[in-house]
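Read through the structure below, which is laid out as structure tokens, and then see the notes.
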Amino acid sequence: MIKHKNYTTPALTLVAILFATFSYTAVADSLSDSLIFEQGGFRLSQKTQEGGTVKDRLTQDGIQKVCSKLGAASVDSNTAASVTSMARESIKKPAGGIKLGDWKKGEAVARSGYGFRVGHKTDDHSKREAGGNCYACHQLDPNEIAFGTLGPSLTGYGKLRGTGEPILNYAYEVIYNPHVYFPCTHMPRFGHNNVLTGQQISDVMAYLFDSASPVNQ
Amino acid sequence: MFNRTLLVLPVVLAFAATASADPSMAPEEVLQSLIDKVDSKYLTQSSQNIMMMPDNPAYWVAEEGEELFMEKRGPKNASLEGCDFGKGPGVLEGAYTEMPRYFADTGKVMDLESRLVHCMMTLQGFSKKDAAIKKRHGSGSDMMKLQTYIGSLSNGYAWNPPMDHPMETAMRDAGKELFYRRAGTLDFSCNTCHGDTGKRIRASVLPNINVPEEWTKAISWPAFRVGHDNVRSSQHRVRGCYWQMRQGRIEATSDASIALISYWTDAARGQPAILPDMKR
């Protein structure tokens, strides 16, 4: 809770007022962080599906911090360089190399927006696996009309690009951590953030690349 | 009886700055004035909703809200006519479009919901545990009836949240940081979805915070949400956003929620409010 003292001196500087009224301390490096972590903004102790708490969810990692600072501005070259290198370090490749899984399972991953929601209702991963919700942002199967446009169309992805090692490697990395190629992108880091399992990533890649997949018809 | 003729009262236009701000217009006429001004897929995406606006179920909710507002209730047997929403006790016309604002009696920046709770506790003597205050959501709740009534009396007024007090600007600025703050398993911020024009999530066209003519509709709550079959509040929208972003439960009327609402209201400054609105 904000401890509000009645201040009657309009001449107080903004900084003094912030300290007097919001009592936000050096622990939080901004008022917004203080409102989240120190002033009762969120139910921080609520458990999350991955075994942590809402407090962990709201705590930013390096890429989140740096990209948030941009606000509405597009990424500058210094930020891009540091984000790209953080992203590069995060990439983990599957032990047996990148393989395409089952495109039918991949389709389910692409369609499902279930998972990781916490709050007044909480997703139960023991009842239903989390998805990747690719359709929220991308066109994939040309016959699906309910597709989002935050990302580029991926229709015909494998048909246009083939299935050579470099393109499979690239797509894997984009799904694992897209900031390697698109620093401060709006696309989630499905591998790095453990949203999708290794198996789900290879299934959704099959949906993109398999010649039998509806994406490539 | 509350009905739209109330809104046609000859109210002096407080803000001549925006030609389209006109409290005598019906909500659907306000929306049409915006559609005439900007080319927006967001504003025009549901012609069905636009057609239904004259029969918006929210009008019934507002009508019940008016009765509740005037009724002597609570342990102190008082009406809410003594409640000051920023323009003096009982003055409701155009009050909501000038919120959130700083209130000297609490020393806090408050939004409509937190101010209403404050008045129900101090004037009427309700406690936080009483259903009148505890139940925040649904067309049948006192809270939504009252908010819809009070909100409706700002229809057509230009959003104009005051930025005179340092706490008002501090909260707005903190809200801006929250808007761009990426976190959680999907790395989302509000800006992921509301920073561009004409983009879609699945089939929904998203409003852009940088286009005030679009953004005024986005923040015009209370609105009847057709998909929910209920009138919804700003606080309900904020809760839903954080849930969708996988960032946990924001506390209703916390300073974090009010900061975000300060920023989103400031972003619609000068544009007329559509109250009550109808949304997907």
| task | Name the lysines eligible as straight-distance cross-link partners of A:K69: C-alpha to C-alpha under 21 Å, and not fewer than 8 places from it in the same chain. | result | A:K55, B:K176
| said: Can you compute the modelled spin-label distance between A:E89 and B:K41, with each label point 7 Å from Cα toward Cβ, in nm? | reply: 3.9
| If you count, for each residue, the other Cβ atoms within 10 Å and average over each peptide, how do B:149-155, A:47-53 line up from highest to lowest? | B:149-155, A:47-53
| note | Log entry: pair-distance distribution for chain A, C-alpha pairs binned every 5 Å from zero, whole % per bin is 1, 6, 12, 14, 15, 15, 12, 8, 5, 4, 3, 2, 1, 1, 0
| remark: The size of the Cβ-based charge dipole (Lys, Arg +1; Asp, Glu -1) of the protein assembly as shown about the Cα centre, to the nearest 20 debye, is 1280
| FRET efficiency estimate (nearest 0.05) - Cβ-Cβ, B:D105 to B:Q244, R0 60 angstrom | 0.95
| task | For chain B, give the magnitude of the charge dipole about the Cα centre (Cβ charges: +1 Lys/Arg, -1 Asp/Glu; no others), in debye to the nearest 20. | result | 1100
| field | Cβ neighbours within 10 Å from other chains - mean over A:52-60 | value | 4
| What number, in percent, do you get for the relative contact order of chain A if the mean sequence gap of Cα pairs under 8 Å and at least 6 apart is divided by its residue count? | 20
| field | Full-extension gain in nm, A:I98 to A:K55, via 0.36 nm per residue minus C-alpha separation | value | 12.1 nm
| Looking only at A:K69, A:K159, A:K99, which one moves most when chain A is put into a Gaussian network model with springs between Cα atoms under 10 Å? | A:K69
| query | For chain B, rounded, prolate or oblate, judged on the Cα gyration tensor with a ≥ b ≥ c (square roots of eigenvalues), a/c < 1.5 rounded, else prolate if a/b > b/c? | reply | rounded
| Relative frequency of Cα-Cα separations exceeding 18 Å in segment A:103-216, percent | 49
| request: Would you give the gap between the C-alpha center of segment A:167-212 and the C-alpha center of segment A:78-137, rounded to a whole Å? | output: 7
| Per-residue mean of C-beta atoms belonging to partner chains within 10 Å, peptide A:36-44 | 6
| What are the semi-axes of the equivalent ellipsoid for segment B:64-127, taken as the square roots of 5 times the Cα gyration tensor eigenvalues, largest first, in whole Å? | 19, 14, 9
| query | What average count of beta carbons from other chains do you get within 10 Å of the Cβ of residues in A:65-73? | reply | 5
| task | State the Kirkwood hydrodynamic radius of segment A:154-217 in Å, one decimal place, computed from all pairs of distinct Cα atoms. | result | 12.1
| query | Could you work out the helix-only [θ] at 222 nm for the protein assembly as shown, with each DSSP H run of four or more residues adding -39,500 (n - 2.57) and the total divided by the number of residues, to the nearest 500 deg cm²/dmol? | reply | -10500 deg cm²/dmol
| task | Determine which aspartates and glutamates satisfy two conditions relative to A:K65: a Cα distance under 18 Å, and not lying fewer than 8 residues away in the same chain. | result | A:D29, A:D33, A:D56, A:D76, A:E89, B:D173, B:E177, B:D187
| Relative contact order %, chain B, counting alpha carbon pairs below 8 Å whose residues are six or more apart | 25
| message | Using 20 Å bins from zero, what percent of all Cα-Cα pairs in the protein assembly as shown falls into each bin? | response | 22, 52, 23, 3
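Read-outs throughout are calculated quantities, based only on the coordinates presented, and are distinct from any laboratory measurement. Since the structure is predicted, the reported quantities are computational estimates derived from the model, not experimental observations. We place every Cβ from the backbone using ideal geometry, glycine too, and count neighbours over all the protein chains shown.
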